[in-house]
1. Given the conditions (1) more than 14 Å from ligand 2 (Cβ to nearest atom); (2) more than 29 Å from A:Arg57 (Cβ to Cβ), report the number of the one that A:Ala163 does not fulfil.
2. If we keep just the residues of segment B:11-55 that are more than 10 Å from chain A (Cβ to nearest Cβ) and loosely packed, with under 12 Cβ neighbours inside 10 Å, which is nearest to the chain's Cα centre (by Cα)?
3. Can you tell me which residues in segment A:103-129 are within 21 Å of A:Ala155 (Cβ to Cβ), more than 15 Å from ligand 2 (Cβ to nearest atom) and in contact with an Asp or Glu (Cβ under 8 Å, 6 or more places away or on another chain)?
4. Test of understanding: among A:Ala42, A:Ala7, which residue is hydrophobic (A, V, I, L, M, F, W, C) and more than 16 Å from ligand 2 (Cβ to nearest atom)?
5. Is there a residue being within 16 Å of the chain's Cα centre (by Cα) and surrounded by 24 or more Cβ atoms within 10 Å (Cβ to Cβ) anywhere in segment A:48-64?
6. Given the structure, is A:Val219 at pLDDT 95 or above and touching a Leu at 6+ places or on another chain (Cβ under 9 Å)?
7. If you scan segment B:1-10, which residues turn out to be open to solvent by less than 50 Å² (accessible area, probe 1.4 Å) and either under 27 Å from A:Gly51 (Cβ atoms) or in a helix (DSSP H, G or I) (or both)?
8. Condition first: open to solvent by 10 Å² or more (accessible area, probe 1.4 Å), under 17 Å from A:Leu39 (Cβ atoms) and more than 8 Å from chain B (Cβ to nearest Cβ). Now tell me which residues in segment A:70-90 satisfy that.
Amino acid sequence: MSGPTFAGEVADAAAAHALGTEYVQAVGKVVTSHVRNELAGATAFDEPAIGLAPGPREKWLACRIAMEEYGHHLKFARLASDLGLDTAAPGRTLSVFDFELTSWTEFVVLKALVDEAEVVLMEDLAAASYLPLRDLVVRLLPEEHFHVSFGQARARELAADPAQVGLVQQAVDDLVGFTVPFFGRSVSANNDTFRRWGVKRWTNDEARAAWVRRCSRFVEGELGLRFPTVDRHWDG
Amino acid sequence: MTSTPADLGALARMTPAGPVDLPLVAVALRAGVEAAASVDPDWLSEVDCRRAAARQAAVAAGRGAALEAALHDALVAATGAAGLDDDGRVASGARLWLLSGAIASALSGAEPDPFRAWATLLAAGWWPIGPSGGRLVVSTL
Ligand SMILES: [Fe+2]
Ligand SMILES: [Fe+2]
């Protein structure tokens with residue numbers, strides 16, 4: 001990372017533009033990736049999970065979660081449009097959305113592990129120099145925490161069921177592999193820029209390591225299952 | 001605010017999975033959440049199928065963007081409540097499940113619209129739950 005780190009706070013879109021194009025682009029990249037990925041998650045996982053739920057309570061909680069994720073997409077989209085960004089432009093969604101969801105067991109493990117990755121990212125952004133972004137993630141974090149605790153509670157029940165425990169382990173193995181790239185490459189010019197402008201504090205590897213620590217503690221300590229070996233570095 | 005439509009009974013019996021002719025009971029939220037846990041599974045999956053079909057039909061009719069916009073309005077009204085407990089989330093999720101089905105069904109132009117009667121109840125502030133324990137249960141929030 002080159003140059004001094006920006007330590008100021010940026011109150012609104014006009015102040016962001018006053019700082020210059022590089023700042024707006026840095027915030028914009030972070031915001032538009034959330035616009036895309038919250039929608040991709042709701043469409044690929046949460047909406048289909050409504051049909052996979054084993055009973056009414058689970059079905060309606062899955063629907064509530066789907067609507068919350070969709071709401072996150074809309075709120076990030078509003079932030080992007082306030083900044084004058086075009087969110088209709090096509091962009092990559094994360095590799096984790098290539099995971100093909102086929103069972104309720106996979107869904108609950110996904111909420112426990114993949115939404116924890118989202119929590120790690122949001123906790124980093126909770127100190128972002130762009131205050132509208134900071135305020136938004138602080139408002140959304142309780143919902144993401146609920147998604148994780150929902151997934152963890154059901155994963156604990158399923159892991160205690162001899163008929164399900166093998167499927168839980170399989171879902172852990174598959175989903176961890178899909179989630180490692182979620183945090184970006186170890187060497188990342190984007191991340192350097194985000195940190196230089198105080199949009200993020202952590203390197204991609206630091207965020208990945210925080211996620212591995214939390215999830216391995218949960219999988220090994222609480223589910224009594226094996227957490228796959230993960231290289232904290234990822235070069236694509 | 002819940003208001004009671006004059007034809008509550010008739011509307012409640014026109015469920016999105018077809019007519020249900022069981023004794024109607026209106027209960028408070030807590031009892032509603034309890035009844036919800038044992039809703040007839042066949043009825044539940046029939047509603048789920050019709051909801052999924054309505055969403056597909058709305059998108060196929062080129063109303064995907066309208067569906068997204070209408071869901072947006074529904075969401076602002078329905079998911080704003082912070083600090084819900086699990087029961088509150090179940091009730092809110094159930095109403096969103098019906099509401100999103102009703103929006104998709106209306107946009108797809110389905111006639112007759114299987115969700116219309118229950119959409120009226122939702123709009124009046126009710127949570128129509130479904131057949132459970134030999135009764136047709138609706139709840140106030
Ligand atoms: Fe989210
Ligand atoms: Fe989430």
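1. (2)
2. Top of the filtered list is B:Pro19.
3. Selection gives A:Trp104, A:Glu106.
4. None of the others qualify; the one that does is A:Ala7.
5. Of segment A:48-64, the ones within 16 Å of the chain's Cα centre (by Cα) are none.
No, every residue in segment A:48-64 fails to be within 16 Å of the chain's Cα centre (by Cα) and surrounded by 24 or more Cβ atoms within 10 Å (Cβ to Cβ).
6. Numbers: at pLDDT 95 or above: yes; touching a Leu at 6+ places or on another chain (Cβ under 9 Å): yes.
Yes: the conditions hold for A:Val219.
7. Within segment B:1-10, B:Leu8, B:Gly9 qualify.
8. Selection gives A:His73, A:Lys75, A:Ala77, A:Arg78, A:Leu79, A:Ser81, A:Leu85, A:Asp86, A:Thr87, A:Ala88, A:Ala89, A:Pro90.
The values are calculated or read from the model by the stated rules, or taken from the named source; none is laboratory data. Given the structure is predicted, the values throughout are model-derived calculations rather than measurements. For neighbour counting, all protein chains shown are included, and Cβ atoms are generated from backbone atoms with ideal geometry for every residue, glycine included. For the accessible areas, the whole protein counts, side chains as well, though only heavy atoms, and no ligand, DNA or RNA atoms are used. Shrake-Rupley method; radii C 1.70, N 1.55, O 1.52, S 1.80 Å.
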